[in-house]
Structures are given as structure tokens and as C-alpha cells.
Amino acid sequence: MTLPNEPLLVVRGLNIEFGPPERPVRAVADADLTLAPGEILGIAGESGSGKTTLCSAIMRTLPRSARVSGRVEFAGKELLSLSEREMARLRGRDLSMVLQNPMTSLDPLYTIGNQLEEVLRERRRGGAEVRPGGAVEVLRRVHLTAPELRVRQYPHQLSGGMRQRVLVGMATAAAPRLLIADEPTTALDASIQDEILILFRELRDTAGSAVVIVTHDLSAIRRLSDRVIIMYAGRIVEEGPTAEVFRAPRHPYTRALLGSLPRIEDEEVVLQPIPGQVPDLARLPPGCAFAARCPVALDACRAERPQESTVGERHRVFCWQAAAGGAA
Amino acid sequence: MSATAEERPAGAGGLLGARLWRSGAGRPPLLATAICLLMVVAALGGGAIAPYVPDEADFTAILVPPAWAEGGSLAHLLGTDQLGRDMLSRLIAGARISLLTAGAAVLAGGTIGVTLGLAAGYLGGVVEAVIMRIVDAFLALPFILMALAFVAALGTGVGNIILVMVLTNWARYARLVRSEVVSIKKRDFVLLARVAGLRPWQIALRHILPNALTSILVLAVLDVGRAIILESSLSFLGVGIQPPDVSWGLALAEGRTYMTVAWWLTVWPGLAIVLAVMSFNALGDWMKAGFDPRGRL
Amino acid sequence: MARFILTRLGQTLVTLALLTILIFVLARLTGDPTPLVLPSEATEADRAFFREQYGLDRPIHEQYVVFLRNVLHGDFGISFRYREPAFNLVLMAIGPTLQLAGVSMLVAVMLGLPLGIAAALRPGSWLAAAVRAYASFGQAVPTFWSGLMLIFLFAITLPLLPSSGYGEVENFVLPAVTLGFYASASVTMLTWANMTEALRSDFVQMERVLGIPRRLIVLKHALRNASLPIVTYLGLQFGLLLGGAVVTERVFAWPGVGQMLVDAILNRDYPVVQAAVMLTAVLVMTINLAVDLLYAVLDPRVSRS
């Protein structure tokens, strides 16, 4: 049993490799993170930055070909050393996830009610009975309109936003202590993105669940999360309280990302793309992976990988410049 | 996977073999290729390679077992049949008939099917509807039944069997080419060619056919195996190749009577069919993996 | 839904009509059947009467109309050999053929489904490699050879089973295994491909992170999704089995349509050939139509929209 101040999730020195051992692709390198119960953490980065791989490692759903090392502790349990059977017992009940694409994440051949009841039946806590109206109740909790009708419908009869509500309902049916949401709003219309995000905050407020929201949509993170982690080329480059990181980003990549947010200037949406390309994970330079695209990179940045430096309360950054205070 | 590869007209990438090698289909199936080549050599060489005349009876050497078996002789490596004919020579002659009928069926059937498929896909409208309904009718029956219906009308023998195989074969090519054409027709370079004022048949020949060529080629190679099975089945049933011509299926049917005393009469021809079909199928599958990663065939 | 059924029904009827034309043309290609039917001592008047009776003296398009009308009444003429209506003969033989095809299909599914699922669940394993070898071998072995080899092994070397005959349960074993093995190769490959795709789908990943037991994911969700194309394919496969039955029946002297058809061809008994081909065609197309409709029922995306 976790004490209030004890962290719910601790990741230490997590490395994930794919491909041939002599020329590995390091999808995640030396990742450390801590999550308190009931905390909302945002993980941001471009596609290929390793954020989805990191979450799959926590859920233990990586393909067999992945080589994983490090520690993932969830409520005092080391997840990486659990058997597949023990892990399957935790999934959906203690830690749960919502996958990227709501359009295809429901089985097209069964009704919504059938699939919800399956989750309720399999994920109920110790011997509790499955109540007949359980599925409708779940749908009501995620504010799906006309839930009595929806349980009789098939996925193709629902819109993307409705399906995402169903999926969030399924993932949170057992009030998990940790919910990971991978790009929960990317496939949805802008008009309903907010409503889905609100669901996650409700989940935290009512069930006390911790939420990890993975997205390249920084505005979602700003609105929702308490803390934010920025990843680049498989590594965490900056971490800190959301408000502080957004107000005073320290890593040049974070600043570039924030600069690439669409901003309304004189009634015009301005989007600044980051120049250059995400590096090949199989051929990373010896120094900072961002050096090639960094506007303020020095020779030292290309030669040696930057160490962690603390730049504020619970705010850390991996950048030679930020550490020296030069660019900051 | 990239959009550029998708849009590049076929032929621009050099030799088909070289493209396949780079395409990620993996190493070519060497054993299968070797067997296919061996069969082609046997078919072309024929009498020059065979140790005996395949249909010459020798009553002094009836039902001789293979060389390594008891009572076998090095004079007849794979043994002889009930008339003293050399099995190895008959297998070589059978390879010739198999490849001749299969090759003719694939080439002629392919040409007819490709032409009609191009016409249907490119012209559309009534032409397409008529051709495709005829294609449906030809594909409505299992191919062996269709072939039997044609045999009943046309008769047996090498010439008729080739004709029958062409008639049962063309419709698949027509269906494939039509669907290829319909999808290629919408691409930019074909639209450009049309805007540039090329005539329909010029567009079909210069732009559409080369792009559909890889799919046609894969279908053709896979079809060789199917054709070998069809010919040997008809011959086995007694309504295909007729003596004195030699066919693996026919040899099997003849050897059947002697199965209890001379296993080699039924084992060799059957093995020849299986090896030949497996090899052409393996070759075709390898090409398919390279040319058609999305598996439309 | 009603529209879908009507369209498919229409297509089937058009194909069937074209097939009657094809068979009619083929029948006419074989030439004047008069000398085959009438004894050689028949007079010219007899021949003229016969031609008139069968409408052979009328223009070709009228002949087709007569042919079509007769076909619709199940009248394909009298078998030259057995002096009985060809249609009745074929109708008697269709039972054994359907039984053989049905049992073979069962064998094919019982072999192909588990093999395909097992290979899909263990990609890259030795098991998957073995299943691939099995399937490519099965696709290349002609039924007349595998049938003969089975007879050689289990009827001659080890006299356990009858090599021919019809009526008893043990008569089914060798023919059904021969034909079922051949068909199981493609059932295996198809199950493998569809199961692999289903296991990779997003909803399977989602069920995994929801902690749904693997047994349920594989059997309830992945298999049912994979089974839609498999069911369609099995319908087509049944047509192929009716074709394959022709050869298998010959090997095992099975009294079915295939055996009858080959005999009729060898004896130039054209009414029986036409009746056998037409009846099989109707059968195959009816099954294909039924399978399409079944697919529509099984898939809520089609039936509920």
C-alpha cells in the first residue's frame, strides 16, 4: 500500500533497443521519471522521440523483439520482472491505457455493450458481481449521450469522439491507479478534443488516478497536466512543472517546440516548424542529439552528451548551455 | 513504401531482376530456381539428353527397378516401365510436354486476357460490362470442370489440350489487368499523357501496360504450376495427352496398375509434378513478395 | 441490404445465362449428334425425324431457345449410353460428390484452421516454418498422386482401409483425406494471413492493455474477425473441392458426378456432359451466393447499414 507521498510509478535507467545487437536502434535511452498518485504528467515530443515506446514498456506490450533494461516500479512492484500472467492481471485494473486511434480500437463485430461488459466482467475487483446496468453506467460516467442506445450499437455507428469516450470508459472502468493516454485527441476534431481532455481531469478528481498523457499537442498538455516531460530522440531533455516549463523553457528544443505551436498573431495563425530533421536513432552523434538542429549549439554540445542539471524546483534539463546559464 | 516509388512508372528502375533483388523480397529461392531451370533444360534438350527414346519398348528389360534397388541396373537409372521403356527418358519427355502446354497456355491465355483486360479497364462502359460478365462466366466453374467441358467439345491430344488450357486461363489475366488499369488510370502520369494528346492505345501500351507488367508476370509464373497440375490431371483422367506422347499424368495412370510390383512407375512422375509445381510456386511467391507487398494478387 | 441481395442475385443470373450460351456453343461444336444416337441401320427418315424432334434443323438462335427451355425444365436429353434422362443420372451422382466434398471440407478446416492459427500466434518460430512447408507442399501435390500414395500405404502395404468403394464410413477415409489435405493447404495460408492481420489490429492491442485474457482475445475477437474472409473463401473452396472431386473420384472409383463426367466424355455421351457441367455450375454459384449473403449477416458493418 502506497503512502500518500510515496511515488506511484518510478522509472529508473530505462533503455529500449530494437534491431540487430551490433547496430541497435535505441528507441528510449536512460529514461528516469517519477509519478505521484493522482498526478497528471504530460509527455511531449515529435513522432519518433520514443514517447509511445516508453509507455508500451510500462504496460509491457512491446513486441518480443524489443530489448528492455532498467527498472519500472509501480506501487512498489517491479513490472519488468513480472510474468506475462501476473502483468495481465494488473492491466486494465491497476494500470490502464487508451491507444492512439479510437476509430479502430474497438472490435467492429461486437456491440459496445458486449465489449464493455467483457471488460467489466474480466476486470472487476475480487468476486464482485457484474451489475446488469454496468455498461450504461460506464457510458454515463464518460458523458456519452443516450447510453442505453449506445450499448446496443456497433462501433461503426458511432463517431470518433463517441468511440473515444467508450474507450476511456473501458480503460477506467476499474478505476485504475494509473491511466496512460497515447495521443488521445490527435485523431479527433478540434471541437471535441477539450471534452475528452476534461474526462481525464474528472478521472483524477473522482477516482484519484494518476494520468500520463502522451501527445505532440503541447496545448493539450498546458491545459491538463501538472508536470511535463519533453523527449527528443529517445531521451528526456527537460522536465518540470508545466507552468514553469511553458513560462521559462530552458532547453533549446523545448523552446523550438513552443515556438512551433500555432499562435495567433494579428488574427493570423503562425506555425514555426523546427528546421532540420529528427536524427536516425541507429546513428546518433556522440554529443547532444539535438545539436545538429540547435540554434545555439557549441563544439562541446557535439562532443559530449549533456548531463542533468537542476534549474529550479523539480525542474531539470539536459543541456550544456542551460547548465552554464549561457543561453538560459 | 514511399510515394515516389509508387508514382514511378515501371521500367525506370532497371532490370526486373535487379529491382527484385533490392526490393526486400529476400534472397531468391535458389533450389526452386535451379529446379525450374533444370526443367527448362530438360524440355529444350529433350532427346539430346535422354539416354533412350522415351516411347521405345524393350521387352528384354521390363519393369527394371531403379539402379540402387535390388535387381536394378545402371543402364536404367530410374528403372523401366511395363513395356521396358526407360523412366528417366520418359520423365524428360514429360517435362517437355508439361512446359510446352503450360508455357503455351500461359503465353496465349495471358495475351488474350491482357488484351481484353486492357480494353475493359481503359474503355469502360458497355465494353467493360460485357467483357467482365464473360470473364465471370469463365471463372464461375472450378478450372478442372471448365477444362473438362472444353475437352468434351474439342477432343484430346496436345493441340486440343493447349487450346483447352488457354480457354480456361485467359479470364484470370483479364480480371487482374482490368483492376490494375482502373487503378493506374487515375494516376498523374496517365492523366498528363492524356492531356498531352496521346491516343488511347498509345497510353495503354506506353504507360498502363508497363505498370501492370509486374503483376502480370507474377500471375504468369504462379500460373505455370497451376497449368502443370491441370495438364497432368487431364492426362491422368485419360482425356488429356494421348500415347505415344508422354506426360507425367499419363505415366502415372499407366503405372497405377503395377503399383504393387513397381512403385517407381507411380512415384517418379508424381515426384516430378510436385517438385516442378513447388518450384514454380516458390519462384512466383518470391516475386510476389518483391513486387506486390500489399498482396493484391 | 435488400439492394445488395438483389444485385448479387442479378449478377449470378447473368453469369448463369452466359454459361448456358457457352455450354450450348460447346455442344454445337461437337457436331451433329444424330449418328451417335441412332443405330447405323437407321433410315434417312429416322434421322430426319430425330433432327426435327431435337430441333437440330432449325436456325441456331431458335435452337438455343429450345435448349434453354429444355434446360430450365431439367431436360438435357437422353443419355446416349444409358438410355435414361441425363439429368436424372447426374442427380443420382450428385449425392456422393456432395458427401465427399463436404467431408473433405471438414478435413481441410480441421487441419488448416489450427495450423494457421498456431503459425499466426508464433511468428518466426520453427512451428511457423513447418506450417509454411506443409502448405507449400500441399498446394503442389496433385490429388491423383497423393490418393495413389495413400492407397499404396494404407490399402496395399498396410491393408487397413479399402482402396475403393462407397457406402461405408471407412470408404470415406482415404478419399476425404486426399481431397481434404489438398484443400487444407490454402485454408492454412488464408487462416494464417487473416489471423496475423487480426492479431495486429488496434482493437487487439487495446484489449491487451485492458487486461482481457489472451484466450478471449484470440478466440472471441481475433478469430471472429479473421473468420469473415475465411468463411467467404471456404465457399469458393467448396467449388474448388467439387472440381478436385472429379480427379479424386476417379482414383477411388467413387460413384460421383466427376466420375460420371469423365466417363461421359470418354464415351462421347454429351447430354450427360452438359447436365453434369450445368448442374455443378448451378451448385457452385448457389453456394457462392449463399456465402456472400452469410458474410453480410456475419458482418454488422454490412447488415446494420
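The values are calculated or read from the model by the stated rules, or taken from the named source; none is laboratory data. The structure displayed is predicted, hence computed values, not measured ones. For neighbour counting, all protein chains shown are included, and Cβ atoms are generated from backbone atoms with ideal geometry for every residue, glycine included. Just the protein is used for accessible areas: all its heavy atoms, side chains included, with ligands, DNA and RNA removed. Shrake-Rupley method; radii C 1.70, N 1.55, O 1.52, S 1.80 Å.
In angstroms, what radius of gyration and Dmax does segment B:104-291 have, counting Cα atoms only?
According to the Cα coordinates of segment B:104-291, Rg and Dmax are 19.7, 72 Å.
Run the reach check for residue B:186 against lysines, Cα to Cα strictly under 30 Å, same-chain hits fewer than 8 apart removed. What comes back?
Within reach: B:288.
Which order, highest average first, do C:141-149, C:279-287, C:165-173, A:100-108 follow once you tally other Cβ atoms within 10 Å for each residue and take the mean per peptide?
In decreasing order of mean packing, C:141-149, C:279-287, C:165-173, A:100-108 become C:141-149, A:100-108, C:279-287, C:165-173.
Pick out which of B:252, B:198, B:148 has the largest mean-square fluctuation in a Gaussian network model of chain B, springs linking Cα atoms closer than 10 Å.
In the Gaussian network model the winner is B:198.
Taking the Cβ of residue B:276 as the center, what net charge do the other residues with Cβ under 14 Å away carry, scoring Lys and Arg +1 and Asp and Glu -1?
Charge balance in the 14 Å sphere: 0.
Taking amide H positions as placed 1.01 Å from N in the peptide plane, with prolines and chain starts having none, which residues 5 or more places from residue B:73, or on another chain, fall under 5 Å of its amide H?
The answer is B:67.
Taking H placed 1.01 Å from N in the peptide plane, check which residues at least 5 places from residue C:201 or on another chain put their amide H under 5 Å from its amide H.
Counting only residues 5 or more places away or on other chains, the set is empty.
What accessible area, summed over both chains, is buried at the A-C interface (1.4 Å probe, Å², nearest 100)?
Counting both chains, the buried surface is close to 2500 Å².
Which net charge results for the neighbourhood of residue C:259, defined as the other residues with beta-carbon distances under 10 angstrom from its beta-carbon, given Lys and Arg at +1 and Asp and Glu at -1?
-1
Quick one: what are the phi-derived ³J(HN,Hα) couplings along segment A:140-152, Karplus 6.51/-1.76/1.60 with θ = phi - 60°, whole Hz, x for glycine and proline?
Rounded to whole hertz, the list is 5, 4, 9, 6, 7, 5, 6, x, 5, 6, 4, 5, 8.
Please report, in whole Å³, the volume per residue of the convex hull around the C-alpha atoms of the protein assembly as shown.
Hull volume normalised by residue count: 238 Å³.
Take every Cα pair under 8 Å in segment B:141-285 that's 6+ residues apart, average their separations, divide by the length, and report that relative contact order as a whole percent.
Relative contact order comes out at 23 percent.
Express the carbon and sulfur contribution to the solvent-accessible surface of chain A as a percent, rounded to the nearest whole number, probe 1.4 angstrom.
52
Which residues, if any, in segment C:110-150 lose at least 50 square angstrom of accessible heavy-atom surface (probe 1.4 Å) when the other protein chains sit next to their chain rather than the chain being alone?
With the partner chains in place, segment C:110-150 has these residues losing at least 50 Å²: C:140, C:144, C:145, C:148.
Can you give the angle from 0 to 90° between the axis of helix A:160-171 and the longest principal axis of chain A, with both taken from C-alpha atoms, to the nearest 10?
With rounding to tens, the tilt is 80 degrees.
Accessible area drop of at least 40 Å² (1.4 Å probe, protein heavy atoms): which residues of segment B:264-279 qualify, relative to the chain alone?
Residues passing the criterion (a loss of at least 40 Å², heavy atoms only) are B:274, B:278.
Using the beta-carbon distance between residue B:74 and residue B:260 and R0 = 25 Å, what value does 1/(1 + (r/R0)^6) give for FRET efficiency, to the nearest 0.05?
According to the calculation, E is roughly 0.45.
What percent do you get for the relative contact order of segment C:88-256 when only Cα pairs under 8 Å and 6+ apart count?
Value for segment C:88-256: 37 percent.
For chain C, find the longest principal axis of its Cα atoms and tell me its angle to the long axis of helix C:126-140, 0 to 90°, nearest 10.
Taking Cα atoms only, the helix is inclined about 10 degrees.
Of the options B:242, B:208, B:197, report the single residue whose Cα projects farthest towards the positive end of the charge dipole of segment B:104-291 (beta-carbon charges: Lys, Arg +1; Asp, Glu -1).
About the Cα centre, the residue reaching furthest to the positive side is B:197.
Counting only helical runs of four or more DSSP H residues, what would the 222 nm mean residue ellipticity of chain B come to if each run contributes -39,500 (n - 2.57) and the total is spread over all its residues?
Here the helix-only value at 222 nm equals -22000 deg cm²/dmol.
Per residue of segment A:95-106, what does 6.51 cos²θ - 1.76 cosθ + 1.60 with θ = phi - 60° give for ³J(HN,Hα)? Whole Hz please, x for Gly and Pro, Karplus curve as stated.
Each residue's phi maps through the Karplus curve to give 9, 9, 8, 10, 7, 4, 10, x, 5, 10, 8, 10 Hz.
Quantify how strongly other chains surround peptide A:147-157 by giving the mean number of their Cβ atoms within 10 Å of each of its Cβ atoms.
For peptide A:147-157, the averaged partner shielding equals 2.
Straight distance only, please: which lysines reach the Cα of residue A:77 with their own Cα at less than 29 Å, same-chain residues fewer than 8 apart left out?
Partners within reach: A:51.
By the scheme Lys and Arg +1, Asp and Glu -1, what is the net charge of all other residues having a beta-carbon under 14 Å from that of residue B:251?
-2
Solvent-accessible area of residue A:258, probe 1.4 Å, all protein chains present, reported in Å² to the nearest ten, please.
For residue A:258, solvent-accessible area is about 30 Å².
For chain A, take the longest principal axis of its alpha carbons; what is the angle in degrees between that and the long axis of helix A:112-123, to the nearest 10 within 0 to 90?
Roughly 80 degrees, rounded to the nearest 10.
In 5 Å bins starting at 0, how do the alpha-carbon pair distances of segment C:57-165 split up by percent?
Reading upward from the zero bin: 2, 9, 9, 12, 13, 11, 10, 9, 8, 7, 6, 3, 1, 0.
Using only atoms on other chains, find how many Cβ atoms lie within 10 Å of each Cβ of peptide A:102-113 and report the average.
5
For segment C:59-64, take each phi angle, set θ = phi - 60°, evaluate the Karplus expression 6.51 cos²θ - 1.76 cosθ + 1.60, and give the result in whole Hz per residue in order, putting x for glycine and proline.
Karplus-based 3J(HN,Hα) across segment C:59-64 equals x, 4, 5, 5, 4, 5 Hz.
What number, rounded to the nearest 500 deg cm²/dmol, is the helix-based mean residue ellipticity at 222 nm of chain C, given -39500 (n - 2.57) per DSSP H run of at least four residues and division by all its residues?
When only DSSP H runs of four or more count, the value is -25000 deg cm²/dmol.
When the Kirkwood radius is taken over all Cα pairs of segment C:88-256, what Stokes-Einstein diffusion coefficient follows at 20 °C and 1.002 mPa s, in µm²/s?
Reported coefficient: 125 µm²/s.
Comparing the chain by itself with all protein chains present, which residues of segment B:136-154 are at least 30 Å² less accessible (probe 1.4 Å)?
The answer is B:137, B:140, B:141, B:142, B:144, B:145, B:148, B:149, B:150, B:152, B:153.
What FRET efficiency, computed as 1/(1 + (r/R0)^6) with R0 = 22 Å and r the Cβ-Cβ distance, is obtained for residue C:17 and residue B:127, rounded to the nearest 0.05?
0.70
So which DSSP H runs in chain B come out at 15 Å plus along the axis (Cα) with average Kyte-Doolittle of at least 0.5?
Going by DSSP H runs, the hits are B:30-45, B:87-123, B:125-139, B:143-154, B:158-185, B:209-237, B:264-291.
Give me, ordered by chain and number, the residues 5 or more places off residue A:311 or on other chains with an amide H under 5 Å from its own placed amide H.
Distant-sequence amide H within range of residue A:311: A:316, A:317.
Charges at C-beta only: +1 for Lys and Arg, -1 for Asp and Glu. How large is the resulting dipole of the protein assembly as shown about its Cα centre, in Debye rounded to 20?
In total the dipole reaches around 1860 debye.
Estimate for me the total accessible surface buried between chains C and B (protein heavy atoms, probe 1.4 Å, no ligands or nucleic acids), in Å² to the nearest 100.
3500
In whole percent, how big is the carbon plus sulfur part of the accessible area of chain C, probe 1.4 Å, protein atoms only?
Here it works out to 67 percent.
Based solely on its DSSP helices, what 222 nm [θ] is calculated for chain A when runs of n ≥ 4 H residues each add -39,500 (n - 2.57) and the sum is averaged over all residues, nearest 500 deg cm²/dmol?
About -8500 deg cm²/dmol.
Taking the solvent-accessible surface of protein heavy atoms with a 1.4 Å probe, what is the per residue accessible area of segment C:88-256 in Å²?
Normalised by residue count, the accessible surface of segment C:88-256 is 39 Å².
Take chain C, mark every one of the trypsin sites (Lys or Arg not before Pro) that falls in a DSSP loop and has at most 16 other Cβ within 10 Å, then report the longest stretch left between them, sites excluded.
By the stated rule (loop sites, at most 16 other Cβ atoms within 10 Å), C:84-267.
Leaving out ligands, DNA and RNA, and with a 1.4 Å probe, what % of the accessible surface on segment B:104-291 is carbon or sulfur?
68
Choose one answer from B:171, B:282, B:152: the residue with the largest mean-square fluctuation in a GNM of chain B with alpha-carbon springs under 10 Å.
In this elastic network of chain B, the residue with the biggest mean-square fluctuation among B:171, B:282, B:152 is B:152.
Quick check: from the Cα gyration tensor, does segment B:39-173 come out rounded (a/c under 1.5), prolate or oblate?
Prolate, since a/c reaches 1.5 and a/b exceeds b/c.
Counting alpha carbon pairs within less than 8 Å and at least 6 residues apart, what relative contact order, in whole percent, applies to chain C?
That works out to 25 percent.
With a 1.4 Å probe and every protein chain left in place, work out the accessible area per residue of segment B:169-297 in Å², rounded to a whole number.
Dividing the accessible area of segment B:169-297 by its residue count gives 39 Å².
Over chain B, with a Gaussian network built from C-alpha contacts below 10 Å, which listed residue (B:194, B:172, B:90) shows the highest mean-square fluctuation?
Sorting by GNM fluctuation, first place goes to B:194.
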